[in-house]
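Comments concern the structure below.
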Amino acid sequence: MIDSIQEYSQELIKALKVVEDKGAKKYVTHVFDCSFFKKYTLENIRESPEHLEYHDKLRPLTGPCLYWFEILNGFDSSKIREEISTFRDKKLKAVPAMKKKFSSESATLYVGKVKKNFWNRVIQHLGYYDNNRTQGLQLYHWANALDLKLKLHVYEFHNDMSNLMVPFENNLARKLKPILGKHS
């Protein structure tokens, strides 16, 4: 058993060394104007020509990713939390946890990570995912009324970093102090 632990530790150290030496595999950003979101019932948003710009940027991100949504237009975080609470009370879709204590000066809405298939996570956060129990920001359902503008920042890493995304996410969340989501 000790040999297995040592081997696994060496694999993790090797993955971290690659990041230390070369950084992330890729960094991508995209600005979402939430007032632009519309209801997609007859057309799949994944195929919508109106959304090709970010499809082309975000769909190729298949490895482990660390990401956050930055609030660009200086919104009052209390107003954002109020809108999310109103939506949450309808129990239509799952949204991130609401922290009891949060920084009202934070310009970060949410920090997250995925081990693979970042594109699917984006669709969940936009609110266009069919499974109502899958947690996401559900931006279409509440943020379009606020004319919120969000900048998505994404760092993609090599596949061998997938088991290290949790500590990276927790560390980034401690620094950015997002107004939504639980991080230990």
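The values are calculated or read from the model by the stated rules, or taken from the named source; none is laboratory data. The shown structure was predicted, so the numbers you read here are calculated from the model rather than taken from an experiment. Neighbour counts are summed over all protein chains in view; Cβ atoms, including those assigned to glycine, are modelled from backbone coordinates with ideal geometry. We work out accessible area using only protein heavy atoms, side chains counted, and drop any ligands, DNA or RNA first. Shrake-Rupley method; radii C 1.70, N 1.55, O 1.52, S 1.80 Å.
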> Which length gain, in nm to one decimal place, applies between R59 and K182 when the Cα-Cα distance is subtracted from 0.36 nm times their residue separation?
Replying inline: 41.7 nm
>> So, for the chain, what is the accessible surface per residue at a probe of 1.4 Å, expressed in square angstrom?
In response: 56 Å²
> Of F157, A173, L58, which is farthest on the positive side of the dipole of segment 48-184, counting Cα position, with +1 on Lys and Arg Cβ, -1 on Asp and Glu Cβ, and the Cα centre as origin?
Replying inline: A173
> What percent does the relative contact order of the chain come to when contacts are Cα pairs within less than 8 Å and at least six residues apart?
Replying inline: 38 percent
> How large is the charge dipole for the chain, taken about the Cα centre, if only the Cβ atoms of Lys, Arg (+1) and Asp, Glu (-1) carry charge, to the nearest 20 debye?
Replying inline: 520 debye
> Which whole-Hz ³J(HN,Hα) couplings does segment 133-148 yield from phi under the Karplus relation 6.51 cos²θ - 1.76 cosθ + 1.60, θ = phi - 60°, glycine and proline marked x?
Replying inline: 8, 6, 6, x, 5, 6, 4, 3, 7, 9, 7, 5, 5, 8, 6, 5
> When volume of the Cα convex hull per residue in Å³ is calculated directly from the model, which label among [x] 103; [y] 252; [z] 136 fits?
Replying inline: [z]
> Within the set K57/K177; K116/K182; K116/K177; K17/K175, which residue pairs have Cα atoms separated by over 32 Å?
Replying inline: none
>> At 7 Å along Cα-to-Cβ for each site, give me the label-to-label distance between Q10 and F102 in nm.
In response: 4.5 nm
> If you take the charge dipole of the chain about its Cα centre, with +1 on Lys and Arg Cβ and -1 on Asp and Glu Cβ, which of S77, L146, I13 is farthest toward its positive end?
Replying inline: S77
>> In whole percent, and with a 1.4 Å probe on the protein chains, what portion of the accessible area of the chain is carbon and sulfur?
In response: 50 percent
> When we measure straight from the Cα of K25, which aspartates and glutamates land under 12 angstrom away, once same-chain ones fewer than 8 places off are left out?
Replying inline: E156, D160
>> For E70, E105, E156, E11, give me the order by solvent-accessible area with a 1.4 Å probe, most accessible first, ignoring ligands, DNA and RNA.
In response: E105, E11, E70, E156
